[in-house]
Amino acid sequence: MLYAATMMDLSHLVQPDIGQPARLLHLVDKAGLAAWLASAPPRVRNHLAAVRFTARPHELVVVPGDTADEWAVVLGVADVANLRPWCLAKAPEILAAGTFRLAGDVRPGDAVIGWALAQHRLATYKKPEENPQGSRVLLTGDPARLPDRIAAAEATAWVRDMVNTPAEDMGPGNLESAAEALARRYGATLEVTRGDALATGYPMIHAVGRAAARSHAPRLIELHWGREDHPRVAIIGKGVCFDSGGLDIKSAAGMLLMKKDMGGAAHALALAQLIMRAGLPVRLHMLVGAVENAISGNAFRPGDVLRSRKGITVEIGNTDAEGRLVLGDCLAKASETPPDVMINFATLTGAARVAVGPDLPALFANSDPLADGLVASGRAVGDPCWRLPLWPGYEDMYVSDIADIGNSGGAFAGAITAALFLQRFVGEGVPWAHFDTYAWRPTPRPGQPKGGEALGLRASWHYLRGRYGAAG
(Lines give C-alpha, C1' and ligand atoms only; values in the text may rest on other atoms or scores of the structure.)
Protein backbone atom coordinates (compact mmCIF):
# COMPACT_ATOMS: atom_id res chain seq x y z
CA MET A 1 0.00 0.00 0.00
CA LEU A 2 1.68 3.19 -1.14
CA TYR A 3 1.07 6.61 0.35
CA ALA A 4 -0.70 9.02 -1.99
CA ALA A 5 1.69 11.87 -2.71
CA THR A 6 -1.06 14.44 -3.06
CA MET A 7 -2.57 16.71 -0.45
CA MET A 8 -6.14 16.41 0.77
CA ASP A 9 -8.87 19.00 0.22
CA LEU A 10 -10.28 20.53 3.41
CA SER A 11 -12.01 23.49 1.76
CA HIS A 12 -15.50 21.98 2.11
CA LEU A 13 -15.24 22.22 5.91
CA VAL A 14 -15.22 26.03 6.02
CA GLN A 15 -17.39 28.04 3.65
CA PRO A 16 -18.23 31.74 3.12
CA ASP A 17 -21.39 32.78 4.92
CA ILE A 18 -24.02 33.71 2.35
CA GLY A 19 -26.99 33.16 4.60
CA GLN A 20 -27.18 29.37 4.50
CA PRO A 21 -29.31 27.64 7.15
CA ALA A 22 -27.05 26.91 10.11
CA ARG A 23 -27.07 26.30 13.82
CA LEU A 24 -25.68 29.01 16.06
CA LEU A 25 -22.38 28.54 17.86
CA HIS A 26 -22.13 31.00 20.77
CA LEU A 27 -18.59 31.77 21.96
CA VAL A 28 -18.21 32.85 25.58
CA ASP A 29 -15.14 33.65 27.65
CA LYS A 30 -14.97 33.92 31.43
CA ALA A 31 -14.75 37.71 31.36
CA GLY A 32 -17.98 37.98 29.38
CA LEU A 33 -19.91 35.08 30.91
CA ALA A 34 -22.03 37.08 33.34
CA ALA A 35 -23.13 39.59 30.70
CA TRP A 36 -23.85 36.82 28.21
CA LEU A 37 -25.98 34.90 30.69
CA ALA A 38 -27.90 38.04 31.57
CA SER A 39 -29.00 38.42 27.97
CA ALA A 40 -29.76 34.73 27.40
CA PRO A 41 -33.30 33.26 27.61
CA PRO A 42 -34.16 31.78 31.04
CA ARG A 43 -34.21 28.21 29.68
CA VAL A 44 -30.62 28.64 28.45
CA ARG A 45 -29.47 30.20 31.74
CA ASN A 46 -31.06 27.39 33.71
CA HIS A 47 -29.58 24.72 31.47
CA LEU A 48 -26.06 26.16 31.74
CA ALA A 49 -26.42 26.51 35.50
CA ALA A 50 -27.51 22.87 35.73
CA VAL A 51 -24.39 21.63 33.92
CA ARG A 52 -22.14 24.12 35.79
CA PHE A 53 -20.89 25.86 32.66
CA THR A 54 -17.95 28.16 33.49
CA ALA A 55 -16.75 29.14 29.98
CA ARG A 56 -13.38 27.45 30.35
CA PRO A 57 -11.65 26.85 27.00
CA HIS A 58 -13.13 23.95 24.98
CA GLU A 59 -16.09 23.54 27.38
CA LEU A 60 -19.07 22.76 25.13
CA VAL A 61 -22.77 22.60 25.95
CA VAL A 62 -25.73 22.04 23.63
CA VAL A 63 -28.63 24.33 24.71
CA PRO A 64 -32.33 23.92 23.84
CA GLY A 65 -34.36 26.11 21.53
CA ASP A 66 -38.10 26.69 21.24
CA THR A 67 -38.51 23.28 19.59
CA ALA A 68 -36.60 20.03 19.78
CA ASP A 69 -34.86 20.76 16.49
CA GLU A 70 -33.73 24.29 17.38
CA TRP A 71 -30.78 23.49 19.59
CA ALA A 72 -27.64 25.64 19.57
CA VAL A 73 -24.14 25.34 20.95
CA VAL A 74 -22.27 27.31 23.61
CA LEU A 75 -18.49 26.98 23.60
CA GLY A 76 -16.00 28.38 26.07
CA VAL A 77 -12.93 30.13 24.66
CA ALA A 78 -10.00 31.93 26.23
CA ASP A 79 -10.73 35.27 24.58
CA VAL A 80 -13.64 35.97 22.23
CA ALA A 81 -11.81 39.00 20.85
CA ASN A 82 -8.67 37.03 19.99
CA LEU A 83 -9.53 33.61 18.58
CA ARG A 84 -6.49 31.36 18.20
CA PRO A 85 -6.09 28.40 15.83
CA TRP A 86 -7.28 25.66 18.21
CA CYS A 87 -10.01 27.46 20.19
CA LEU A 88 -12.92 26.05 18.12
CA ALA A 89 -11.40 22.62 17.47
CA LYS A 90 -13.27 20.77 20.20
CA ALA A 91 -16.65 21.54 18.63
CA PRO A 92 -16.29 19.52 15.39
CA GLU A 93 -14.83 16.65 17.38
CA ILE A 94 -18.06 16.41 19.42
CA LEU A 95 -20.91 17.77 17.33
CA ALA A 96 -23.04 15.88 14.86
CA ALA A 97 -22.69 16.62 11.17
CA GLY A 98 -24.22 19.90 10.10
CA THR A 99 -23.60 23.55 9.34
CA PHE A 100 -22.72 26.11 12.01
CA ARG A 101 -22.19 29.87 12.18
CA LEU A 102 -20.77 31.94 14.98
CA ALA A 103 -23.39 33.99 16.81
CA GLY A 104 -23.10 37.76 16.94
CA ASP A 105 -20.46 39.82 15.20
CA VAL A 106 -17.67 37.25 15.67
CA ARG A 107 -15.38 36.07 12.89
CA PRO A 108 -13.37 32.88 13.28
CA GLY A 109 -10.07 34.13 11.80
CA ASP A 110 -7.27 31.60 12.23
CA ALA A 111 -9.61 29.33 14.21
CA VAL A 112 -10.84 27.90 10.91
CA ILE A 113 -7.49 26.03 10.77
CA GLY A 114 -8.30 24.08 13.92
CA TRP A 115 -11.91 23.55 12.85
CA ALA A 116 -10.76 21.88 9.64
CA LEU A 117 -7.89 19.88 11.15
CA ALA A 118 -10.10 18.53 13.93
CA GLN A 119 -11.95 16.55 11.25
CA HIS A 120 -8.93 15.07 9.48
CA ARG A 121 -7.30 11.72 10.24
CA LEU A 122 -5.11 9.40 8.19
CA ALA A 123 -7.61 6.73 7.12
CA THR A 124 -5.39 4.67 4.81
CA TYR A 125 -5.06 1.72 7.17
CA LYS A 126 -8.53 1.64 8.77
CA LYS A 127 -11.72 0.04 7.53
CA PRO A 128 -14.27 2.60 6.26
CA GLU A 129 -16.77 3.56 8.92
CA GLU A 130 -20.05 1.72 8.54
CA ASN A 131 -21.99 4.89 9.32
CA PRO A 132 -19.99 7.92 8.23
CA GLN A 133 -20.80 10.93 10.38
CA GLY A 134 -20.38 13.47 7.63
CA SER A 135 -18.80 16.90 7.93
CA ARG A 136 -19.18 19.76 10.34
CA VAL A 137 -19.16 22.90 8.19
CA LEU A 138 -18.31 26.31 9.63
CA LEU A 139 -19.57 29.46 7.92
CA THR A 140 -17.34 32.51 8.02
CA GLY A 141 -18.12 36.15 7.37
CA ASP A 142 -14.41 36.77 6.70
CA PRO A 143 -13.87 34.98 3.38
CA ALA A 144 -11.00 37.11 2.05
CA ARG A 145 -8.25 35.14 3.80
CA LEU A 146 -10.08 31.83 3.83
CA PRO A 147 -8.03 30.26 0.97
CA ASP A 148 -4.77 31.09 2.78
CA ARG A 149 -6.00 29.57 6.04
CA ILE A 150 -7.29 26.45 4.36
CA ALA A 151 -3.95 26.13 2.56
CA ALA A 152 -2.17 26.24 5.93
CA ALA A 153 -4.54 23.61 7.32
CA GLU A 154 -4.02 21.34 4.31
CA ALA A 155 -0.24 21.69 4.55
CA THR A 156 -0.38 20.80 8.25
CA ALA A 157 -2.56 17.77 7.53
CA TRP A 158 -0.12 16.66 4.84
CA VAL A 159 2.81 16.78 7.27
CA ARG A 160 0.78 14.76 9.78
CA ASP A 161 -0.15 12.16 7.18
CA MET A 162 3.40 11.73 5.93
CA VAL A 163 4.79 11.36 9.44
CA ASN A 164 2.03 8.93 10.46
CA THR A 165 2.59 6.70 7.42
CA PRO A 166 4.66 3.56 8.21
CA ALA A 167 8.21 3.44 6.91
CA GLU A 168 7.48 0.65 4.42
CA ASP A 169 5.10 3.02 2.65
CA MET A 170 7.09 6.20 3.32
CA GLY A 171 10.61 5.34 2.22
CA PRO A 172 13.04 7.49 0.24
CA GLY A 173 11.23 6.62 -2.98
CA ASN A 174 7.90 7.81 -1.56
CA LEU A 175 9.42 11.13 -0.59
CA GLU A 176 10.72 11.37 -4.15
CA SER A 177 7.21 10.64 -5.44
CA ALA A 178 5.78 13.39 -3.26
CA ALA A 179 8.33 15.87 -4.61
CA GLU A 180 7.66 14.69 -8.16
CA ALA A 181 3.93 15.30 -7.71
CA LEU A 182 4.63 18.83 -6.45
CA ALA A 183 6.96 19.53 -9.37
CA ARG A 184 4.33 18.42 -11.89
CA ARG A 185 1.58 20.43 -10.24
CA TYR A 186 3.49 23.70 -10.06
CA GLY A 187 5.83 23.47 -13.05
CA ALA A 188 8.97 23.01 -10.97
CA THR A 189 12.15 21.19 -11.97
CA LEU A 190 13.11 18.06 -10.05
CA GLU A 191 16.63 16.63 -9.80
CA VAL A 192 17.28 13.35 -7.96
CA THR A 193 20.67 11.77 -7.25
CA ARG A 194 20.25 8.15 -6.16
CA GLY A 195 22.21 5.25 -4.75
CA ASP A 196 25.90 4.92 -5.53
CA ALA A 197 25.79 8.09 -7.63
CA LEU A 198 25.78 9.93 -4.28
CA ALA A 199 29.19 8.58 -3.29
CA THR A 200 31.16 11.26 -5.10
CA GLY A 201 29.09 14.40 -4.66
CA TYR A 202 27.20 13.64 -1.44
CA PRO A 203 29.34 11.13 0.44
CA MET A 204 27.71 11.58 3.86
CA ILE A 205 24.20 11.01 2.49
CA HIS A 206 25.52 7.94 0.69
CA ALA A 207 27.25 6.55 3.78
CA VAL A 208 24.16 6.86 5.98
CA GLY A 209 21.82 5.27 3.44
CA ARG A 210 23.96 2.68 1.69
CA ALA A 211 23.00 -0.23 3.99
CA ALA A 212 19.31 -0.04 3.09
CA ALA A 213 17.64 -2.38 0.63
CA ARG A 214 17.82 -1.31 -2.99
CA SER A 215 14.13 -0.40 -2.92
CA HIS A 216 14.94 2.14 -0.18
CA ALA A 217 18.18 3.41 -1.72
CA PRO A 218 19.34 6.84 -0.50
CA ARG A 219 18.82 9.91 -2.61
CA LEU A 220 19.16 13.68 -2.68
CA ILE A 221 15.93 15.24 -3.90
CA GLU A 222 16.15 18.80 -5.25
CA LEU A 223 13.26 20.93 -6.46
CA HIS A 224 13.78 24.25 -8.25
CA TRP A 225 10.95 26.71 -8.85
CA GLY A 226 10.48 30.40 -9.60
CA ARG A 227 12.26 33.05 -11.61
CA GLU A 228 16.03 33.14 -11.53
CA ASP A 229 16.05 36.87 -10.80
CA HIS A 230 13.92 36.53 -7.65
CA PRO A 231 15.51 36.19 -4.19
CA ARG A 232 16.72 32.65 -3.54
CA VAL A 233 15.12 30.73 -0.68
CA ALA A 234 16.52 27.34 0.32
CA ILE A 235 14.30 24.94 2.28
CA ILE A 236 15.96 21.76 3.54
CA GLY A 237 14.51 18.69 5.24
CA LYS A 238 16.00 15.67 6.99
CA GLY A 239 14.37 12.63 5.40
CA VAL A 240 15.53 9.67 7.48
CA CYS A 241 12.59 7.46 6.65
CA PHE A 242 13.46 4.97 9.35
CA ASP A 243 16.26 5.15 11.88
CA SER A 244 17.42 1.88 13.40
CA GLY A 245 20.39 3.73 14.87
CA GLY A 246 22.68 1.86 12.50
CA LEU A 247 25.38 -0.28 14.10
CA ASP A 248 24.89 1.76 17.28
CA ILE A 249 21.44 0.24 17.27
CA LYS A 250 18.55 1.79 19.17
CA SER A 251 16.54 -0.07 21.77
CA ALA A 252 13.10 -1.41 20.84
CA ALA A 253 11.46 1.52 22.63
CA GLY A 254 13.78 4.00 20.95
CA MET A 255 13.03 2.56 17.53
CA LEU A 256 9.26 2.46 17.90
CA LEU A 257 8.57 6.00 16.61
CA MET A 258 11.40 6.17 14.12
CA LYS A 259 9.02 6.26 11.17
CA LYS A 260 8.73 9.94 12.17
CA ASP A 261 12.43 10.64 11.58
CA MET A 262 11.52 11.97 8.12
CA GLY A 263 9.42 14.71 9.75
CA GLY A 264 11.86 17.39 8.62
CA ALA A 265 11.40 16.32 5.00
CA ALA A 266 7.62 16.45 5.45
CA HIS A 267 7.91 20.03 6.71
CA ALA A 268 10.16 21.00 3.78
CA LEU A 269 7.75 19.52 1.21
CA ALA A 270 4.74 21.20 2.80
CA LEU A 271 6.46 24.59 3.02
CA ALA A 272 7.59 24.30 -0.60
CA GLN A 273 4.00 23.55 -1.56
CA LEU A 274 2.74 26.65 0.29
CA ILE A 275 5.36 28.82 -1.44
CA MET A 276 4.48 27.57 -4.91
CA ARG A 277 0.73 27.52 -4.33
CA ALA A 278 0.81 31.19 -3.32
CA GLY A 279 3.13 32.14 -6.17
CA LEU A 280 5.56 33.78 -3.75
CA PRO A 281 8.10 35.84 -5.74
CA VAL A 282 11.16 33.80 -4.81
CA ARG A 283 13.54 31.37 -6.46
CA LEU A 284 12.86 28.24 -4.42
CA HIS A 285 15.49 25.55 -3.89
CA MET A 286 14.13 22.67 -1.82
CA LEU A 287 16.48 19.87 -0.81
CA VAL A 288 15.61 16.62 0.96
CA GLY A 289 18.21 14.07 1.94
CA ALA A 290 16.17 10.86 1.91
CA VAL A 291 17.70 7.75 3.48
CA GLU A 292 17.01 4.76 5.68
CA ASN A 293 19.60 4.29 8.42
CA ALA A 294 19.70 0.51 8.23
CA ILE A 295 22.05 -2.29 9.28
CA SER A 296 23.85 -4.64 6.91
CA GLY A 297 27.36 -5.72 6.04
CA ASN A 298 28.11 -2.44 4.30
CA ALA A 299 26.71 -0.11 6.99
CA PHE A 300 28.94 2.78 8.01
CA ARG A 301 30.75 2.14 11.28
CA PRO A 302 31.77 3.91 14.48
CA GLY A 303 35.30 5.14 13.93
CA ASP A 304 34.89 5.65 10.18
CA VAL A 305 35.96 9.01 8.77
CA LEU A 306 33.66 10.46 6.12
CA ARG A 307 34.59 13.22 3.70
CA SER A 308 31.67 15.60 3.23
CA ARG A 309 30.61 17.49 0.12
CA LYS A 310 32.16 20.61 1.63
CA GLY A 311 35.48 18.79 2.14
CA ILE A 312 35.21 18.71 5.93
CA THR A 313 36.17 15.29 7.29
CA VAL A 314 33.92 13.80 9.98
CA GLU A 315 34.83 11.01 12.40
CA ILE A 316 31.83 8.87 13.28
CA GLY A 317 31.48 8.61 17.03
CA ASN A 318 27.92 7.32 16.85
CA THR A 319 26.02 5.97 13.85
CA ASP A 320 22.79 7.09 15.53
CA ALA A 321 23.84 10.73 15.02
CA GLU A 322 23.16 10.32 11.30
CA GLY A 323 20.71 13.12 10.57
CA ARG A 324 23.34 15.83 10.89
CA LEU A 325 25.47 14.00 8.32
CA VAL A 326 22.63 13.97 5.80
CA LEU A 327 21.86 17.63 6.45
CA GLY A 328 25.52 18.60 6.22
CA ASP A 329 25.74 17.63 2.54
CA CYS A 330 22.36 19.29 1.86
CA LEU A 331 23.40 22.56 3.55
CA ALA A 332 26.69 22.60 1.64
CA LYS A 333 24.92 22.12 -1.69
CA ALA A 334 22.30 24.79 -0.96
CA SER A 335 25.06 27.26 0.01
CA GLU A 336 26.96 26.89 -3.27
CA THR A 337 24.58 29.36 -4.91
CA PRO A 338 24.12 31.51 -1.80
CA PRO A 339 20.45 31.92 -0.90
CA ASP A 340 18.87 35.03 0.56
CA VAL A 341 17.64 32.85 3.43
CA MET A 342 18.02 29.17 4.28
CA ILE A 343 15.74 27.21 6.65
CA ASN A 344 16.11 23.57 7.57
CA PHE A 345 13.79 21.24 9.47
CA ALA A 346 14.94 18.10 11.25
CA THR A 347 13.89 15.67 13.95
CA LEU A 348 17.47 15.93 15.08
CA THR A 349 18.00 15.47 18.82
CA GLY A 350 16.31 14.08 21.90
CA ALA A 351 18.14 16.84 23.76
CA ALA A 352 15.85 19.43 22.18
CA ARG A 353 12.83 17.58 23.57
CA VAL A 354 14.40 17.56 27.02
CA ALA A 355 15.04 21.29 26.73
CA VAL A 356 11.71 22.55 25.35
CA GLY A 357 9.35 19.57 25.37
CA PRO A 358 7.17 18.26 22.52
CA ASP A 359 5.16 21.45 21.85
CA LEU A 360 8.02 23.75 20.88
CA PRO A 361 10.57 23.24 18.12
CA ALA A 362 13.98 24.45 19.17
CA LEU A 363 15.11 27.24 16.85
CA PHE A 364 18.73 28.07 16.11
CA ALA A 365 19.84 30.85 13.78
CA ASN A 366 23.02 32.66 12.80
CA SER A 367 21.04 35.87 12.19
CA ASP A 368 19.21 37.79 14.91
CA PRO A 369 16.73 39.43 12.49
CA LEU A 370 15.89 36.01 11.01
CA ALA A 371 15.42 34.43 14.44
CA ASP A 372 13.38 37.36 15.73
CA GLY A 373 11.18 37.26 12.64
CA LEU A 374 10.49 33.54 12.97
CA VAL A 375 9.72 33.80 16.69
CA ALA A 376 7.38 36.74 16.12
CA SER A 377 5.68 34.95 13.23
CA GLY A 378 5.14 31.86 15.34
CA ARG A 379 3.57 33.98 18.06
CA ALA A 380 1.31 35.70 15.52
CA VAL A 381 -0.12 32.48 14.05
CA GLY A 382 -0.16 30.27 17.13
CA ASP A 383 2.77 28.12 16.01
CA PRO A 384 5.36 29.00 18.67
CA CYS A 385 9.05 28.19 18.63
CA TRP A 386 11.82 28.85 21.12
CA ARG A 387 15.30 30.09 20.28
CA LEU A 388 18.33 28.33 21.72
CA PRO A 389 21.88 29.67 21.38
CA LEU A 390 24.55 28.70 18.88
CA TRP A 391 27.01 28.90 21.76
CA PRO A 392 30.54 28.87 20.26
CA GLY A 393 32.07 27.81 23.56
CA TYR A 394 30.72 24.30 22.95
CA GLU A 395 32.44 23.78 19.61
CA ASP A 396 35.21 21.81 21.27
CA MET A 397 32.67 19.18 22.36
CA TYR A 398 32.72 17.53 18.92
CA VAL A 399 36.45 17.59 18.24
CA SER A 400 38.21 14.60 16.69
CA ASP A 401 41.79 13.42 17.01
CA ILE A 402 42.02 12.26 13.40
CA ALA A 403 39.38 14.29 11.47
CA ASP A 404 38.28 17.89 11.22
CA ILE A 405 35.27 17.24 13.49
CA GLY A 406 33.35 14.39 15.10
CA ASN A 407 29.65 13.74 14.67
CA SER A 408 28.76 13.29 18.34
CA GLY A 409 29.02 16.00 20.95
CA GLY A 410 29.22 14.22 24.27
CA ALA A 411 26.86 14.28 27.22
CA PHE A 412 25.95 17.96 27.44
CA ALA A 413 23.97 20.48 25.35
CA GLY A 414 23.16 17.94 22.64
CA ALA A 415 20.78 20.18 20.69
CA ILE A 416 23.32 23.02 20.68
CA THR A 417 26.28 20.89 19.64
CA ALA A 418 24.22 19.34 16.84
CA ALA A 419 23.27 22.82 15.61
CA LEU A 420 26.92 23.91 15.80
CA PHE A 421 27.83 20.87 13.70
CA LEU A 422 25.31 21.91 11.04
CA GLN A 423 26.56 25.48 11.07
CA ARG A 424 29.96 24.25 9.84
CA PHE A 425 28.30 23.37 6.51
CA VAL A 426 26.44 26.67 6.04
CA GLY A 427 28.03 29.02 3.52
CA GLU A 428 29.70 32.16 4.82
CA GLY A 429 27.26 35.05 5.06
CA VAL A 430 24.15 32.92 4.42
CA PRO A 431 21.32 33.74 6.87
CA TRP A 432 20.30 30.33 8.22
CA ALA A 433 17.72 28.95 10.63
CA HIS A 434 17.52 25.42 11.96
CA PHE A 435 14.35 23.92 13.47
CA ASP A 436 15.02 20.91 15.69
CA THR A 437 11.41 19.69 15.72
CA TYR A 438 9.78 16.67 17.35
CA ALA A 439 7.17 16.37 14.54
CA TRP A 440 5.01 14.33 16.90
CA ARG A 441 2.28 14.94 19.47
CA PRO A 442 2.46 12.39 22.29
CA THR A 443 -0.92 13.31 23.85
CA PRO A 444 -4.04 14.52 22.01
CA ARG A 445 -5.53 17.99 22.24
CA PRO A 446 -8.49 19.52 20.40
CA GLY A 447 -7.59 19.65 16.71
CA GLN A 448 -4.20 18.09 17.48
CA PRO A 449 -4.52 14.29 17.68
CA LYS A 450 -1.79 12.01 18.93
CA GLY A 451 0.67 11.36 16.13
CA GLY A 452 2.51 13.33 13.48
CA GLU A 453 2.53 17.10 13.89
CA ALA A 454 3.74 20.18 12.03
CA LEU A 455 5.79 22.40 14.35
CA GLY A 456 7.36 25.54 12.91
CA LEU A 457 5.68 25.15 9.51
CA ARG A 458 3.11 27.93 9.81
CA ALA A 459 5.62 30.18 11.60
CA SER A 460 8.06 29.82 8.70
CA TRP A 461 5.35 30.37 6.11
CA HIS A 462 4.09 33.53 7.85
CA TYR A 463 7.66 34.84 8.01
CA LEU A 464 8.36 34.18 4.33
CA ARG A 465 5.06 35.74 3.26
CA GLY A 466 5.83 38.83 5.28
CA ARG A 467 9.34 39.07 3.86
CA TYR A 468 8.67 38.35 0.21
CA GLY A 469 4.96 38.75 -0.33
CA ALA A 470 1.77 39.87 1.35
CA ALA A 471 1.91 39.56 5.13
CA GLY A 472 -0.71 37.36 6.75
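Of note:
- Matching option when the condition is hydroxyl-bearing (Ser, Thr, Tyr), surrounded by fewer than 22 Cβ atoms within 10 Å (Cβ to Cβ) and touching a residue at least 12 places away in the same chain (Cβ under 8 Å), among Thr347, Thr319, Thr313: Thr313
- When Ala68 is tested against (1) over 26 Å from Gln20 (Cβ atoms); (2) exposed (fewer than 12 other Cβ atoms within 10 Å of the Cβ), just one condition goes unmet, and that condition is (1).
- Pairs with Cβ under 6 Å, 6+ apart, first in region 180-200 and closer than 21 Å to Val291 by Cβ, second among the acidic types (Asp, Glu): Leu190/Glu180; Glu191/Glu222; Val192/Glu176
- Test: residue in region 376-389 that is β-branched (Val, Ile, Thr), over 30 Å from Ala89 (Cα atoms) and buried (at least 18 other Cβ atoms within 10 Å of the Cβ): no
- In this entry, Arg277 is excluded by the filter for residues that are surrounded by 21 or more Cβ atoms within 10 Å (Cβ to Cβ) and under 28 Å from Pro231 (Cα atoms).
- Residues of region 434-448 that turn out to be out of contact with any strand residue (DSSP E or B) (no Cβ under 7 Å at 6 or more places or on another chain) and in contact (Cβ under 8 Å) with a residue 40 or more places away in the chain, as a count: 5
Residue by residue, here is whether (1) touching a helix residue (DSSP H, G or I) at 6+ places or on another chain (Cβ under 6 Å); (2) buried (at least 19 other Cβ atoms within 10 Å of the Cβ); (3) farther than 21 Å from His267 by Cβ; (4) touching a residue at least 60 places away in the same chain (Cβ under 8 Å) holds:
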| position | (1), (2), (3), (4) |
| --- | --- |
| Gly109 | no, no, yes, no |
| Val112 | yes, yes, yes, yes |
| Arg121 | no, no, no, yes |
| Gly134 | no, no, yes, no |
| Ala152 | yes, yes, no, yes |
| Val159 | yes, yes, no, yes |
| Asp169 | no, no, no, yes |
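- Picking from residues in region 14-58 that are touching a strand residue (DSSP E or B) at 6+ places or on another chain (Cβ under 6 Å), among the hydrophobic types (A, V, I, L, M, F, W, C) and closer than 30 Å to Ala155 by Cβ, the one that is surrounded by the most Cβ atoms within 10 Å (Cβ to Cβ) is Leu27.
- Top-ranked residue of region 228-243 - restricted to ones that are of a type in the set (Val, Ile, Thr) and over 14 Å from Tyr468 (Cα atoms), ranked as farthest from the chain's Cα centre (by Cα): Val240
- Within region 43-71, the set of residues being part of a loop (DSSP other than H, G, I, E, B), within 19 Å of Cys87 (Cβ to Cβ) and not small (Gly, Ala, Ser) comprises Phe53, Thr54, Arg56, Pro57, His58, Glu59.
- Qualifying positions in region 1-19 - part of a loop (DSSP other than H, G, I, E, B) and at pLDDT 80 or above: Met8, Asp9, Leu10, Asp17, Ile18, Gly19
- Index of the failed condition, Met255 passing every other in (1) touching a residue at least 60 places away in the same chain (Cβ under 8 Å); (2) closer than 23 Å to Ala362 by Cα: (1)
- Checked against (1) touching a residue at least 24 places away in the same chain (Cβ under 8 Å); (2) of a type outside the set (D, E, K, R); (3) touching a Ser or Thr at 6+ places or on another chain (Cβ under 6 Å), Met397 passes all but a single condition, namely (1).
The values are calculated or read from the model by the stated rules, or taken from the named source; none is laboratory data. This one's a predicted model, so the numbers in the text were calculated from it and none came from an experiment. In this analysis, Cβ positions are derived from the backbone assuming ideal geometry, glycine residues included, and neighbour counts consider all displayed protein chains.
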